[in-house]
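As structure tokens, the structure follows; a few thoughts come after it.
The values are calculated or read from the model by the stated rules, or taken from the named source; none is laboratory data. All of these numbers come straight from a predicted model, not from anything done at the bench. Positions of Cβ are generated from backbone atoms using ideal geometry, with glycine treated the same way; all protein chains shown enter the neighbour counts. Ligands, DNA and RNA are stripped out before the accessible areas are found, and what is left, the full protein with its side chains, is counted by its heavy atoms. Shrake-Rupley method; radii C 1.70, N 1.55, O 1.52, S 1.80 Å.
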Amino acid sequence: MASTSFQNVSHGEYDAFLSFRGEDTRKRFIGHLYTALNNKGIYVFRDDKQLEKGGSISPNLLKTIEESRISIIVLSKNYASSTWCLDELLKIVECKNREDQIFPIFYEVEPTVVRKQTASFGEAFAKYEEFFRDNIEKVQKWRYALKVVANISGWELKDR
């Protein structure tokens, strides 16, 4: 990605929206990725707040997702254990109608695990299906969004 392709386009306040599960990646990978992108002139939004369990996404955050030119989704082992991450992901898939606007990174998780929702992803969804049994459509939308993103060619990283 050439930095000029982002700097010369006025599409919102941020070039990229970064979606990630903080407990998995914040202190290692995300910090390095954020710095590298900013050093290339790509203005990135990352939400660094410690979020309250069960909290909903603010309208400002939804607007940031909508207005960002691209979304970078760092899918990690515990990504699906966060309803916040899944709500972000769903919004990203709804807003970014072209595959060249979504960039998945599979961080220490196989794309097939995300696509088929097995291992930790399957465990998370088993809990959601019980917890959201009165709103199973929400769970189905999250599952769909994960499949969409997992079918986009991305990067697979292992930190070993």
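Some points to look at:
- Of all residue pairs spaced 6 or more apart or on separate chains, those with beta-carbon atoms under 9 Å, a first member in the stretch 114-134 that is within 18 Å of I73 (Cα to Cα) and a second member that is open to solvent by 80 Å² or more (accessible area, probe 1.4 Å) and outside any loop (DSSP other than H, G, I, E, B) are V114/K147; R115/K147; K116/K147; Q117/K147.
- Residues of the stretch 103-160 classified as modelled with pLDDT under 95 and under 11 Å from A80 (Cα atoms), total: 0
- Condition met for Y128 (loosely packed, with under 15 Cβ neighbours inside 10 Å and of a type in the set (F, W, Y)): no
- Flag if P104 is closer than 18 Å to T25 by Cα, surrounded by fewer than 20 Cβ atoms within 10 Å (Cβ to Cβ) and not hydroxyl-bearing (S, T, Y): no
- Breaking point among (1) modelled with pLDDT under 75; (2) under 26 Å from R98 (Cα atoms); (3) assigned to a loop (DSSP other than H, G, I, E, B); (4) open to solvent by less than 80 Å² (accessible area, probe 1.4 Å), for F6: (3)
- Candidates are the residues of the stretch 116-147 that are more than 16 Å from the chain's Cα centre (by Cα) and aromatic (F, W, Y); the one that is nearest to I30 (Cα to Cα) is F125.
- Qualifying residue in the stretch 83-98 (condition: within 14 Å of A150 (Cβ to Cβ) and among the β-branched types (V, I, T)): yes
- Across the stretch 28-44, the number of residues qualifying as in contact with a Lys or Arg (Cβ under 7 Å, 6 or more places away or on another chain) and at pLDDT 95 or above comes to 0.
- No other residue among V93, V113, V74 is open to solvent by 10 Å² or more (accessible area, probe 1.4 Å), under 11 Å from the mean Cα position of the chain (by Cα) and β-branched (V, I, T) apart from V93.
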